[in-house]
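Structure, as structure tokens:
Read the figures in this text as sums done on the coordinates, not as results from a lab. Everything numeric in this text was worked out from a predicted model, so none of it was measured. With ideal geometry, Cβ positions are generated from the backbone for all residues, glycine too; neighbour counts draw on all protein chains shown.
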Amino acid sequence: MSTVAEGNPPRFGFSLTSFRAKFVLVVGGAVLVDLLVAGGIALWNVNRLSTNAMEEVGRGLEKANIEYLQNYIETTVERTDLLLDRYHSEVSGLAGSMQTVMDNPTLYDKLGEQLQDDGKLTTPLAYNQAGNWWQNQPGEASAVTVWGYLLDENRQPTPEALKTVRESAVFDLFGPSFLAAGPPKLQMYYIGPRQAPILRSTPYNDQGSVFDKVYPGHNQTNWWDFYFPGLYETWQSWLARPEERPVDSPITMLSPYLDGITGKIIVSFFQPLTTPDRKDLNGIVGVDLTLDQLADIVKSVKIAGTGFAFLTMSDGNVLAVTEDGEKTLGVKIDNASGFDRKLAHSTQPALASLAMPSDKETVLTTLTLKENGEDVPYVVLLKQLNAENLYTGKVPVTREVMSLGFMVPEREIYASLIAAKEGISDETRQVVTWQVGTVMLSLLVVLSAVFAISGRITAGLRALADAAHRLQNKDYSVRVAIPARDEVAAVGVAFNRMAEEISYHTENLENLVAERTRALETANEEISALNSKLKSENLRLGAELDVARHIQMMVLPRRDELDEIKGIDVSGYMEPADEVGGDYFDVLHDERRMKVGIGDVTGHGLESGVLMLMVQSVARALQEQGDEDPREFLEVLNRAVFKNIQRTKTDKHLSLAFLDYEDRKITLSGQHEEVLVLRDNDEVERIDTIDLGFPIGLESDIGPFVGTHEFSFDTGDVIVLHTDGVTEAESPNGELFGFDRLCESAQRHRQKDADAIKDGIIADLMAHIGTQKIHDDITLVVMKHR
């Protein structure tokens, strides 16, 4: 390694060790690195943008596809429910028509006798010796059969059986019309009561001979005990106690079975008829439809290339599916045990363990099936239909909720996504190719320019090199002469300033370092103290809010308290917007009366929560004291709360209303949101409370403003109370839930108990809110008169 003696500046030439060569190498290398870094960053950004674009497109397409499938399955479920509802309506219409006539015994008897004696409408019953039963001849609107166990010792129909045949002739007026109207049906029929279970069905068929062939021994045992053991007794129990029905409907569905007449797998719906006094059954009407009729909707579903739909019962028994869908599901019908095509028997393990939905929400899942030795991912959607009463061949009758399912291979539903990603990848590769070419061209141009100007720069740099050499030898007085005004001269000026600064900082460096060190230490101590104080304050505030929220939730009515209320089913829900809410509701009761309160403190948070607790405490004390006058109750409560607000110097107040129930009558007092009343006869009442009170805590005396409103509250009626957090809840697009949606939701769920009504309304509310932030406390109270 060569050295330069002090006082002898280095010499420059054009060699590998010359400044010019080094300048070219250094500058060229720097430019190369800069271009590579810039190019690399550009390529990275292109790749990142490409990746982000693919992800964004992927999310959009995936969301759109899923939303499409969800909307599609919801629409298909509605179509299926509508079809089943139409069958229910046909059965209910036929039952209603016959029940109307049955409720007038004199007319029923005379009308049946008139029809029985009219030769144009009926033919005489003829005895079948081989089968030991009586049946009318072809040509009538319905086939009528009197079975062997309804014959006397002379093989003649008993008077009770003949009476049932005569009276049920009115079926011929209604049955054919209902059969021809509405969706296609296999047949409709009437079966008599236990004491005379004759069979009358339309259209006419030789049902006696068919039943002898398909169901040996049926003619020796009462119809109900032979075909449906326990079902007749279940209906009789429902007649006395309707609340025992698993689903609030008189219609009962039979499990799918092989029909002896048509040889097809069918589903039946029964509706009992009653005596005029509603104390016993008077037979039933029913309708049969084939699974093919139900399967039409399912088979009409088209999803991508090979996607399909299927209809299944809650135990996974597949009622309807296309042939290709059946192969994909890995199931087939086993008629040895009636009708068995359960997913549990699937050859695909993933489907054998597939669980059915537990509620009305759409279930979206993915699973992998083995197809031709390949793992194929599938998207599966499941959604429940409306519930049915189901008789499976044994009692008790159970609640059955069928489900509709969609299955489609992921590769088909995401085909557009895959194509979009491939297109983006191709474009990205082209951009990268052009970017690399641009970087190489730029590098060549820059190196050429650097080499060209390096010679001009070298001359001026020699002087700088000599001065630097002297500066290296600690000659801080050195300065560079500046004869020109070009860039090299600018470097010389900078060098001279640098020399001056080096001289200055060399002399003052130690003092400057010490001063900066002290300043940094002081600032660090202040920051540490502030951090400790902030941490302590956060812990304290968090603990206080947790305690306040816990106390607030503790004073809400408990489930066991509400269950003690006789005759009234009450359910409540409260969800604060912050850690502590400002909504109030309470249920106070004793042996003969009940008081329900609901209110909304302005704002929410700790102060609002404390004011809510004040109201709860004062209301409880007044209730225990026995204050029964609603007006005086509100006046005293207001004075107590007003004085507490004055003491705490807060600007809070609240809207507050109370409902006093006694002897099937409600007395409403206080100013709050509208009260919604759903009558048992489906009427809807909206009661405005604006003239029944005044905000609590604003004035010391609100007596002149307090009023009351009385209305009846009887069996089956429902009252819904709410705070503005319900009606003013926003959807993601800013649309309010509103009172009309609250009414619609309450009407949709009103046939259920209070808990289920409350849960249904809250579910509808949360579905409306979606991903939107909840800005206000949400409180809902539902009362239903049992």
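Quick rundown of the values:
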quantity: Exceeding the 24 Å Cα-Cα cut-off - candidates K185/K360; K566/K665; K213/K264; K185/K264; K652/K784; calculated: K185/K360; K652/K784
quantity: Listed peptides 744-756, 771-783 by packing density, highest first (mean Cβ within 10 Å); calculated: 771-783, 744-756
quantity: The stretch 660-694 versus the stretch 271-326: alpha-carbon centroid distance in Å; calculated: 42 Å
quantity: Ordering of 584-595, 162-173 by burial proxy (mean other Cβ atoms within 10 Å per residue, highest first); calculated: 162-173, 584-595
quantity: Theoretical gain in end-to-end length, R241 to E561 [0.36 nm per residue, Cα-Cα removed]; calculated: 112.6 nm
quantity: Computed FRET value (nearest 0.05) for T106 with A387, which takes r as the C-beta separation and R₀ as 45 Å; calculated: 0.70
quantity: Trypsin sites (Lys or Arg not before Pro) restricted to DSSP loop in the stretch 268-299 with at most 12 other C-beta within 10 Å; calculated: R278, K279
